[in-house]
Amino acid sequence: METKDIELITRSVIKVLGNTYQDTGFMVPVGISNRHIHLTQEAVETLFGAGHQLTKKKELMGGQYACEECVTIVGLKLRAIENVRVLGPTRKANQVEISVTDARKLGITVPVRESGDTAGSAPIAIVGPKGAIYLKEGCIVAARHIHMSPEDAAKAQVKDGDYVSVKVDNERGTIFNKVKIRVDKSFTLEMHIDTDEANASGIGPNNKVMIIK
């Protein structure tokens, strides 16, 4: 191998090793998502009684809201988690979103998916005060993502469907990769992670992260 070849390879290796992330300066507030459930109207009536309508407790972004109603979810060997919050409004399909820790407690294997992608996901039972339903599929661990308005997307120089990395600038110094961008005029700027991710990275309420490149 000639000297010039060695020099070329060396420069290439140094370039790769020195390929660090660059701060964009674009900060994003973090929302920590606890376990919750989205239900169809049919499921609501099965769980809470005929004609029952969800009761709004707290407004969320994108027209969603936390409800007064809570249910119990049941996994294998009758392992259960109580007081799981229902989110409204009702949807066309039932969806249960939990953390990996929750899944282990329930004794089930749950895939990481984007919201709405429930085909082939984990089965689970849901128990309410008036009845119960069994889902052959519908339980997921929600993939981390960032909600933003078109204006925020323009400032961050991203578009709907993009994937970015974000940096947590605290004592844990965590970097999250594969964070999907979701853009809609009804969205408020916020990154959503679950309780496992928040605990592992030392993130608390009102913390912010930075999009990096």
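Numbers below:
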item	result
With every protein chain in place, the chain: carbon and sulfur % of accessible area (1.4 Å)	51 percent
Residues of the chain: accessible area per residue with a 1.4 Å probe, Å²	57 Å²
Answer label, with Cα extents along the principal axes in Å calculated from the coordinates and candidates (1) 61, 44, 36; (2) 80, 40, 31; (3) 46, 37, 37	(2)
Square roots of five times the Cα gyration tensor eigenvalues for segment 107-207, Å	29, 18, 13
Separation in nanometres of the label points that stand 7 Å from Cα toward Cβ, at ARG91 and ASP23	3.7 nm
Calculated diffusion of segment 37-97, Stokes-Einstein form, Kirkwood radius summed over Cα pairs, 10 °C and 1.306 mPa s, µm²/s	132 µm²/s
Cα centre as origin, Lys/Arg/Asp/Glu Cβ charges: segment 139-213 dipole, Debye	220 debye
Cα-Cα over 20 Å, subset of LYS178/LYS208; LYS136/LYS180; LYS57/LYS208; LYS155/LYS213	LYS136/LYS180; LYS57/LYS208
Estimated 222 nm signal from helices in the chain, with DSSP H stretches of n ≥ 4 weighted -39500 (n - 2.57), rounded to 500	-6000 deg cm²/dmol
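The values are calculated or read from the model by the stated rules, or taken from the named source; none is laboratory data. Remember, predicted model here, so these are calculated numbers, not experimental data. Quick reminder, even Gly has a Cβ in these numbers, built from the backbone with ideal geometry, and neighbours come from all protein chains shown. These accessible areas exclude ligands, DNA and RNA; they are computed on the full protein's heavy atoms, side chains included. Shrake-Rupley method; radii C 1.70, N 1.55, O 1.52, S 1.80 Å.
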